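The structure under discussion appears below in the form of structure tokens.
FYI, it's all coordinate maths here, none of it is from the lab. Just so we're clear, the structure is a prediction, and the values are computed from it rather than from any experiment. Neighbour counts run over all protein chains shown; Cβ positions are idealised from the backbone, glycine included.
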Amino acid sequence: MKITRIGVDTAKQVFQLHGVDAHGKTVLQKQLSRGRVLEYFAKIEVCLIGMEACAGSHYWARELSKLGHDVRLMAGQFVIPYRKNGKNDANDAEAICEAVARPNMRFVPIKSTEQQAVLTVHRARTLLVEERTGLVNQIRGLLGEFGVVTAQGIDRLRHDLPEMVEHEGLPTLARETFIELHERLRAIDIRVREYDRKIEALSKSSEPARRLMAIEGIGPITATALVATVGDATIFTSGRQFAAWLGLTPRQHSSGGKSKLGKMSKRGDVYLRTLLIHGSRSVLRFTERKTDRKSCWIESLKQRRCTNVAAVALAAKQARIIWAMLARGSEYRLAAV
């Protein structure tokens, strides 16, 4: 019997397959080791293959697409409702096979190696920033044990740390430790700046990223992360769907014709959502001195609601603008009053 659709539950070493024919009847239930996956799919007829978007899925999607198969990735949360009984590899593969056939299913675009390379730089930089934050917090905590306290802010700590290390209340052993921690902080700062320069060079070489950086609050980091993550923006039907994908739209709990909206959903890519909201916060600092339509709207919203609500609302609006620019290839135009 010809296999028309296969659900693949990926793993590090063992892959579970579930295949059906044109009538939806199960004709394949099979386990494959990692080394035999490509060999197996090279021998069977071209078919529709579904996988969850997870670690390594973009690599397998690219490789299976080279063999002629139609490969589609889905978010794991959209596959869960189709799983029967308990969670195991066989049931997961069957659920994936069922979900990929749904006409209204949302699919994740397959990233190219170039996109994943750019995101590798972002992930490495994020890890360094998190490491630096932890190091700064540890330095503050350890200094506080000796009664040495500095003002908030990493820049203030950098400025005051050499002087605080020489505090007369610090034992020699503790002073030597703080000097070593200060050197580690400087080394991390250097590495973060190296990644920043690399990302800036990537933004200058990318035409979509250069256009996005014309938007207020969008710099090289946000622009390159958006271009590398989104890829083809036309997969989203509207700017609102794109904003919802980023988790910037409110949660809904509506019933009986009554619409009830809550806090933002926080679904989707946390990294992109964080960058957009932080960028919006930087824009809010200057809107009161501007007279364009967007700034007037933000100021009006700030008066009615709090600053945090205005920042999220602006981030959602920025997301809609970004979608329009990426999907239509247009330039940024700031509307006057």
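Only Lys, Arg, Asp and Glu count, each charged at its Cβ (+1, +1, -1, -1), so figure out the dipole size of the chain about its Cα centre, rounded to 20 debye. Intermediate results must be reported in sequence, preceding the final value.
Values: 54 positive and 35 negative charges, 327 e Å.
About 1560 debye.
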### Task
Place +1 on the Cβ of every Lys and Arg and -1 on the Cβ of every Asp and Glu in region 113-205, take the dipole about the Cα centre, and give the residue among Thr126, Ile139, Gly169 whose Cα lies farthest towards its positive end.
Thr126
### Message
Using amide H atoms built in the peptide plane, which far-off residues or other-chain residues are under 5 Å from Arg251 H to H?
### Response
Gly262, Lys263, Met264, Ser265
### Query
Which whole-Hz couplings ³J(HN,Hα) result when phi for each residue of region 112-122 is put into the Karplus expression 6.51 cos²θ - 1.76 cosθ + 1.60, θ = phi - 60°, listed in order with x for Gly and Pro?
7, 5, 5, 4, 5, 5, 5, 5, 4, 4, 5
### Query
Suppose every K and R has +1 on its Cβ and every D and E has -1 on its Cβ; what is the size of the dipole of region 229-328 about the Cα centre, in Debye to the nearest 20?
400
## Note on the structure
Using alpha carbon centers only, region 60-102 is separated from region 128-171 by a whole-angstrom value of 49
### Message
Net charge within 13 Å of Thr120 by Cβ-Cβ distance, Lys/Arg positive one each and Asp/Glu negative one each, not counting Thr120 itself?
### Response
+3
## Note on the structure
Note: region 5-99, point scatterers on Cα, Debye, no solvent; log10 I/I(0) at q = 0.13 Å⁻¹ equals -0.37
### Query
In a GNM of the chain with a 10 Å cut-off on Cα contacts, which of Ser33, Ser295, Ser254 has the highest mean-square fluctuation?
Ser254
### Message
Run through region 127-236 and list the GluC sites (Glu not before Pro) located in a DSSP loop whose Cβ has at most 12 other Cβ atoms within 10 Å.
### Response
Glu145, Glu166, Glu168
### Message
Which one, Leu212, Gln13, Trp60, projects farthest toward the positive side of the charge dipole computed for the chain from Cβ point charges (K/R +1, D/E -1)?
### Response
Leu212
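Where does the chain land at 222 nm, in deg cm²/dmol rounded to the nearest 500, when only DSSP H runs of n ≥ 4 count, each adding -39500 (n - 2.57), divided by all residues? Please report the intermediate quantities before stating the final value.
Values: 13 runs with 183 residues, N = 337.
Counting only the DSSP helices, I get -17500 deg cm²/dmol.
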### Most fluctuating residue given options Ala99, Ala223, Ala233, as computed from a GNM of the chain linking Cα atoms under 10 Å
Ala99
### Query
With +1 on each Lys and Arg Cβ and -1 on each Asp and Glu Cβ, how big is the dipole of region 5-99 about its Cα centre, in debye rounded to the nearest 20?
140
### Message
I'd like the Karplus ³J(HN,Hα) series for region 228-235: coefficients 6.51, -1.76, 1.60, θ = phi - 60°, whole numbers in Hz, and an x wherever there's a Gly or Pro.
### Response
6, 7, 6, x, 8, 6, 6, 5
### Task
For region 86-216, just list the percent of Cα-Cα distances falling in each 5 Å bin from zero outward, please.
2, 8, 13, 12, 10, 9, 9, 9, 9, 7, 6, 4, 2, 1, 0
### Query
Considering amide H positions built from the backbone, and no H for Pro or chain starts, which residues 5 or more places from Arg5, or on another chain, come under 5 Å of its amide H?
Val20, Leu48
### Task
Note the full-extension length gain between Tyr271 and Ser300 as 0.36 nm times their separation in residues minus their Cα-Cα distance, in nm to one decimal.
7.6 nm
### Message
Through the Karplus equation 6.51 cos²θ - 1.76 cosθ + 1.60, θ set to phi - 60°, convert the phi angles of region 291-297 into ³J(HN,Hα) values in whole Hz; use x for Gly and Pro.
### Response
10, 6, 4, 5, 5, 5, 5
## Note on the structure
the chain, Gaussian network, Cα under 10 Å: of Gly257, Gly19, Gly86, the residue fluctuating most is Gly257
